[in-house]
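Undergrad: Sharing a structure here in structure tokens format.
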Amino acid sequence: MTVLVLLYGLSLFLTPPKYWETYLISALICVFYAGALLCVVPVMVPFLLGDEEPHLVRTGDRTFRRCGAREIGKLVLLVLVLRVIQILLTYVIHYFRFGYDGTFFEVQRLWLDFYHPETAFPLYGYLSDIFWIVSFNFNHARFIGSYIFTALAVGALYYLVLYDFDRKTARRAVRYFVFLPFSAMLMGTVPDGLFLLLSILSLLFMRKKLYPLANLFAMLSILTHAFGVLLFVPIAAEYVAMLIRNVRSNNAMGKGYFVRQLLNALSFLMIPLGIGLVMLYARLRLGDAMALYRAALGLDASGTQFFTPFFRWTDAAFDRTLVIGPDTVVTVLATWIPHLLYLCGGILLIRLGCAKIPTSYVMLMAVTVPVILASGRAGDAAGIISMTAPFCIAFAVRVKKTKTDLIVTLSLIVLWILYFYLFICGYTGGTV
């Protein structure tokens, strides 16, 4: 807490914001996050000391019914159908708003302008290029890749939630993720769907204590997105907690135990290997090993101070709001308010998720927020929180009553339609 306050104060001193509103918003977020940390620490310390997590004890016969490929396949197919509906809805809204202004396929190019090779991490581009065999067009191949990766990620999310909880919770998690407003953007040529799939598989194998596989998918996540590095935190925490628990119980330390643990420990080297591969790719393609990381985190050549990019982002929003014109105000609100709401909602879910979901998930959520604030990704907060599965899981676990679930679902659908409409109309395309 002291470090957090010192870094925030130092940033205010070195690069003071332009507006008092920026001071107020940043201070409130900092205090809000500090309050969330106060809830995390009492749960995190016993976990790292090897204590069991009683809130994850599974009871009831239905909880233990296995999840088969048919169940996952139906869910993946349903998500694919919803994406087809989204494609049709794109044209309907565009026609309603602008009239006949381009053919159906020309309108769909709205989803093909997200990918930028000079700032994209390598794995998404290479994997999505495989679908060129179907489309004979690399832009369309990346569109198909995002389409399929997102559907598979939803199936993986269902299986991950079902591993620790029941089917009702798993269905809620999937439903909330699909109808979270910013999830509509996963339809574009972005690596978020692939990152979500790989990170969920990493967390799943972590929960199954298959650490080499968990670290392998963490490495693949790093090759997809800069935030994949953060997966080291929950995997290392679960591994340390398991070692301490084994030492205290002295039950699992039989023949071959130390060899297995040595292999598990060595598998963590795959994470720095992933970082090295990204730097090598950037060096060969762009001539600068750190180019992709600077672009991904919004940093200049000299680096950045803690919170400074968030100050710049907020000041820019107020700068544009001062420009007279209703379209400008709507654009600022559509590009700034959703990310701010996602950021505050993510901090709230850190507090609500404590002692309700695996502690390692809470730790991943807790490190994600300050990285968003410290880097230049505040304008992508909604996307980053959306593709960090524990936030959605914490949301689903906390909503249990049927009426509350219905109200939340209907509210999310309304917000999804509103945000989708603003995107098609071009209000969310600006940057602040």
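Undergrad: Springs between alpha-carbon atoms under 10 Å, Gaussian network over the chain: tell me which of Ala153, Ala173, Ala69 tops the mean-square fluctuations.
TA: Largest GNM mean-square fluctuation: Ala69.
Undergrad: Can you give me the span-like helices of the chain, meaning DSSP H runs with 30 Å or more of Cα extent along the axis and Kyte-Doolittle mean at or above 0.0?
TA: Taking the DSSP H segments of the chain (at least 30 Å long, mean hydropathy at least 0.0), we get 20-48, 69-98, 138-164, 326-353, 402-424.
Undergrad: Select from Tyr239, Ile347, Leu14 the residue farthest towards the positive end of the dipole of the chain; place +1 on Cβ of Lys and Arg, -1 on Cβ of Asp and Glu, and compute about the Cα centre.
TA: Value computed over the given set: Tyr239.
Undergrad: Could you tell me how far the Cα centroid of the stretch 169-213 sits from the Cα centroid of the stretch 361-400, in Å?
TA: The two parts, judged by their Cα centres, are 12 Å apart.
Undergrad: Let me ask you something else. Looking only at Pro191, Pro117, Pro272, which one moves most when the chain is put into a Gaussian network model with springs between Cα atoms under 10 Å?
TA: Among Pro191, Pro117, Pro272, the largest mean-square fluctuation in the Gaussian network model of the chain belongs to Pro117.
Undergrad: How large is the dipole of the stretch 1-151 about the Cα centre if only Lys and Arg carry +1 and Asp and Glu carry -1, each at its Cβ, rounded to the nearest 20 debye?
TA: Around 460 debye, computed over the stretch 1-151.
Undergrad: Compute the accessible area per residue over the chain, keeping the other protein chains in place, probe 1.4 Å, unit Å².
TA: I get 47 Å² per residue for the chain.
Undergrad: Right, another one. How big is the Cα convex hull of the chain in projection, averaged over all directions, in nm²?
TA: Here the figure is 23.2 nm², rounded to one decimal.
Undergrad: Amide H neighbours of Tyr115 under 5 Å, counting only residues 5+ apart in sequence or on other chains, H built in-plane at 1.01 Å?
TA: Thr189
Undergrad: Per DSSP helix of 4 or more residues, -39500 (n - 2.57); summed, then divided by the residues of the chain. What does that give at 222 nm, rounded to the nearest 500?
TA: Roughly -23000 deg cm²/dmol at 222 nm, from the helical runs in the chain.
Undergrad: I've got another one for you. Need one number: nm distance between label points at Asp288 and Val414, each 7 Å from Cα along Cα→Cβ, rounded to one decimal.
TA: 4.6 nm
Undergrad: Work out the P(r) tail for the stretch 1-134: percent of alpha carbon pairs separated by more than 18 Å, whole number.
TA: Everything past 18 Å amounts to 80 percent.
Undergrad: Okay, moving on. Any chance you could count the Lys pairs in the chain whose alpha carbons are under 26 Å apart, treating pairs 8 or more apart or on different chains as valid?
TA: Close lysine pairs found across the chain: 19.
Undergrad: Right, another one. Under a 1.4 angstrom probe, counting protein chains only, how are Trp111, Trp132, Trp20 ranked by accessible area, largest first?
TA: Trp20, Trp132, Trp111
Undergrad: Can you tell me the dipole magnitude for the chain around its Cα centre, using point charges on the Cβ only (Lys, Arg +1; Asp, Glu -1), in Debye to the nearest 20?
TA: For the chain, the charge dipole is close to 1600 debye.
Undergrad: Could you compute the FRET efficiency for Thr402 and Ile337, with r as their C-beta to C-beta distance and R0 at 25 Å, rounded to 0.05?
TA: 0.25
Undergrad: Something else about it: Keeping all protein chains in position, work out how much accessible area Ile417 exposes to a 1.4 Å probe, and write it in Å² to the nearest 10.
TA: So the heavy atoms of Ile417 present about 90 Å² to solvent.
Undergrad: Using Cα centres only, tell me the gap between the stretch 220-299 and the stretch 139-164 in whole Å.
TA: Result: 22 Å between the Cα centres.
Undergrad: For Tyr421, Tyr126, write out the residues from largest to smallest accessible area, computed with a 1.4 angstrom probe and no ligands counted.
TA: Listed by decreasing accessible area, they come as Tyr126, Tyr421.
Undergrad: With an 8 Å Cα cut-off and a minimum separation of 6 or more residues, compute the relative contact order for the chain in percent.
TA: 23 percent
Undergrad: So for the stretch 123-226, averaging the separation of alpha carbon pairs under 8 Å that are six or more residues apart and normalising by length, what relative contact order in percent results?
TA: Reported as a whole number, the value is 28 percent.
The values are calculated or read from the model by the stated rules, or taken from the named source; none is laboratory data. The model shown is predicted, which means the values in this text are computed figures rather than measured ones. No Cβ is skipped: glycine too gets one built from the backbone with ideal geometry, and neighbour counts run over all protein chains shown. What goes into the accessible areas is simple: the full protein's heavy atoms, side chains included, and nothing from ligands, DNA or RNA. Shrake-Rupley method; radii C 1.70, N 1.55, O 1.52, S 1.80 Å.
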